[in-house]
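No lab work stands behind these numbers, since they all come straight from the coordinates. None of these values were measured; they are calculated from a predicted model. Cβ coordinates were reconstructed from backbone atoms using ideal geometry, including for glycine residues, and neighbour counts include every protein chain displayed.
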Amino acid sequence: MQQDTELKRLRWRAHHRGTYEADLLVGGFFDMHHGAWDSADRALFGALLEEQDADILTWANGTAEAPERYHGPMLVALQKLDYIPIRR
């Protein structure tokens, strides 16, 4: 039950960033990847949510170097940008 509550909180925070672009990027990333996360991944994503949207966007598109604490599989997945819905 605690995991469900934590995932609901992370989902809400991921989809309510403050800008439409950040909502798409961070929320879309959560939607695609959260099912495979363990507690350490959830904690890392929670820490990522504390960062500024502009920083997350630049780390995702590779125009700025992410802090070392985020280096690893989650950052690699974030940089693929294959989770952002494209409206046609």
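Using the crude model of +1 on Lys and Arg Cβ and -1 on Asp and Glu Cβ, and no other charge, please compute the dipole size for region 2-80 relative to its Cα centre, in debye to 20.
On the way: 8 positive and 13 negative charges, 42 e Å.
For this selection, approximately 200 debye.
At a threshold of 8 angstrom on Cα-Cα distance, excluding pairs fewer than six apart, so keeping six or more, what relative contact order does the chain reach in percent?
Computed value for the chain: 30 percent relative contact order.
If a helix is a whole DSSP H run, which ones in the chain reach 27 Å or further along their own axis (Cα) and hold a mean Kyte-Doolittle hydropathy of at least 0.5? Intermediate results must be reported in sequence, preceding the final value.
On the way: long enough: none.
In the chain, no H run is both long and hydrophobic enough.
Using a Gaussian network model on the chain with a 10 Å cutoff between Cα atoms, which of L44, L78, L25 fluctuates the most?
Largest GNM mean-square fluctuation: L44.
Grab the Cα-Cα distance for Q52 and R11, subtract it from 0.36 nm times how many residues apart they are, and report the gain in nm with one decimal. Could you put the intermediate results ahead of the total?
Details: separation 41, 0.36 × 41 = 14.76 nm, distance 1.68 nm.
13.1 nm is the gain from fully extending Q52 to R11.
With the dipole of region 1-71 worked out from charges on the C-beta (+1 for Lys and Arg, -1 for Asp and Glu) around the Cα centre, which of A66, F45, T5 lies farthest toward the positive end?
T5
Taking 0.36 nm per residue of sequence separation and subtracting the Cα-Cα distance, how much length would be gained by fully extending the chain between T63 and T19, in nm to one decimal? Intermediate values should be presented prior to the final figure.
Details: separation 44, 0.36 × 44 = 15.84 nm, distance 1.91 nm.
Answer, rounded to one decimal: 13.9 nm.
Which of these, D38, D55, D23, has the largest mean-square fluctuation under a Gaussian network model of the chain (Cα springs below 10 Å)?
Sorting by GNM fluctuation, first place goes to D38.
Does region 2-80 classify as rounded, prolate or oblate by the C-alpha gyration tensor (a ≥ b ≥ c root eigenvalues; a/c under 1.5 gives rounded; else a/b over b/c gives prolate, otherwise oblate)? Display every interim value, and only then the final one.
Details: a/c = 1.79, a/b = 1.27, b/c = 1.42.
Cα axes put region 2-80 in the oblate bin.
Mind checking the full-extension length gain between D31 and R88? Use 0.36 nm per residue of separation minus the Cα-Cα distance, one decimal, nm.
Working: separation 57, 0.36 × 57 = 20.52 nm, distance 2.00 nm.
My answer for the length gained is 18.5 nm.
Picking from R42, R13, R69, which is most flexible by a Gaussian network model of the chain using Cα springs under 10 Å?
R69
Can you give the helix-only mean residue ellipticity at 222 nm for the chain, where every DSSP H stretch with n ≥ 4 adds -39500 (n - 2.57) and the sum goes over all residues, rounded to the nearest 500 deg cm²/dmol?
Numbers: 5 runs with 48 residues, N = 88.
Computed ellipticity for the chain at 222 nm equals -16000 deg cm²/dmol.
Okay, which of region 54-77 sit inside 19 Å, backbone N to the point 7 Å along the Cα-Cβ direction of A40?
67-77
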